[in-house]
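The values are calculated or read from the model by the stated rules, or taken from the named source; none is laboratory data. All values reported here derive from a predicted model rather than from experimental measurement. Because the Cβ atoms are built from the backbone with ideal geometry, glycine has one as well, and the counts that use them run over all protein chains shown. These accessible areas exclude ligands, DNA and RNA; they are computed on the full protein's heavy atoms, side chains included. Shrake-Rupley method; radii C 1.70, N 1.55, O 1.52, S 1.80 Å.
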Amino acid sequence: MRAAVKYFTREEYLAMEEITAGKYEFYQGEIFAMAGGTFNHSMISGNIFSALKTKLRAKFCQPTNSDMRVETPNGLITYPDAAVFCGKPELSENQCSLLNPAVIIEVLSSSTRRYDLSDKFLLYRAIPSFHDYLLIDSEKIHAQYFHKIRQHEWILHEYFESHDVIDLLSIQETLSLQEIYETIIF
């Protein structure tokens, strides 16, 4: 027999998030605790945000870190490791969820890899402004970069060498694997 699942409204989820210390993902009435990451995960996320913050200083597009929620039109509310919006940020009514990311970056771990590559990516693709999805492995040098060419059509580029450079086409900026993996020891 399957245990009964309690479903929550979006408003109940947002109220709970205001009074709890952890981070939670919300989808289709269910709330999922987001586990903390490893040391490498934290360092890689920080490297990415720092590099993007420097490169985009005083430009049209700006990065956010993992404290900024992203909300999709199909109801997913989650915390990507980094995101970039262009122009004015479109925020939910409580000013805590970004609605218009152009770039979303996830740092992969063994527990999130399959979800980030499949269901989560599918849900992210409902965001009209979303054009670049960057997945960074936290256990080895490997990056997967998906760029939206047109509606329902994405192209994948993979990177395996520390000297590789990723062209984030939607924001006309680059990230090198050397920047991403700076100080990381496997």
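Figures for the structure shown
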| quantity | calculated |
| --- | --- |
| Cysteines without a disulfide-compatible partner [the chain; Cβ-Cβ under 4.7 Å] | Cys96 |
| Cα-based convex hull volume of segment 98-186 per residue, rounded to whole Å³ | 100 |
| Ordering of 132-141, 173-182 by burial proxy (mean other Cβ atoms within 10 Å per residue, highest first) | 132-141, 173-182 |
| Helix 39-55 vs. the chain, principal-axis angle (Cα, 0 to 90°, nearest 10) | 70 |
| For Val103, solvent-accessible area (1.4 Å; no DNA, RNA or ligand), Å² | 0 |
| Mean accessible surface per residue for the chain, computed with a 1.4 Å probe while every protein chain stays in place, in Å² | 54 |
| Carbon/sulfur fraction of accessible area - segment 88-186, other protein chains in place, 1.4 Å, % | 52 |
| Lys53-Ile155 pseudo-label distance in nm [points 7 Å out on the Cα-to-Cβ vector] | 3.2 |
| Listed peptides 143-152, 41-50, 156-165 by packing density, highest first (mean Cβ within 10 Å) | 41-50, 143-152, 156-165 |
| Under 5 Å, built H, 5+ apart or other chain: amide partners of Asn100 | Glu90 |
| Cα radius of gyration and Dmax for segment 33-180 (Å) | 14.1, 42 |
| Radius ratio Rg over Rh of segment 1-62, counting only Cα atoms, Kirkwood formula for Rh | 1.16 |
| Whole-angstrom Cα spans of segment 124-164 along principal axes, big to small | 31, 16, 12 |
| Radius, Kirkwood style, for segment 56-128 when every pair of distinct Cα atoms is counted (Å) | 12.6 |
| Acute angle (nearest 10 degrees) that the helix 10-19 long axis makes with the longest principal axis of the chain, alpha-carbon atoms | 70 |
| Kirkwood Rh and Cα Rg combined as Rg over Rh, evaluated for segment 1-115 | 0.99 |
| Extension gain, Glu11 back to Met34 (0.36 nm per residue minus Cα-Cα distance, nm) | 6.4 nm |
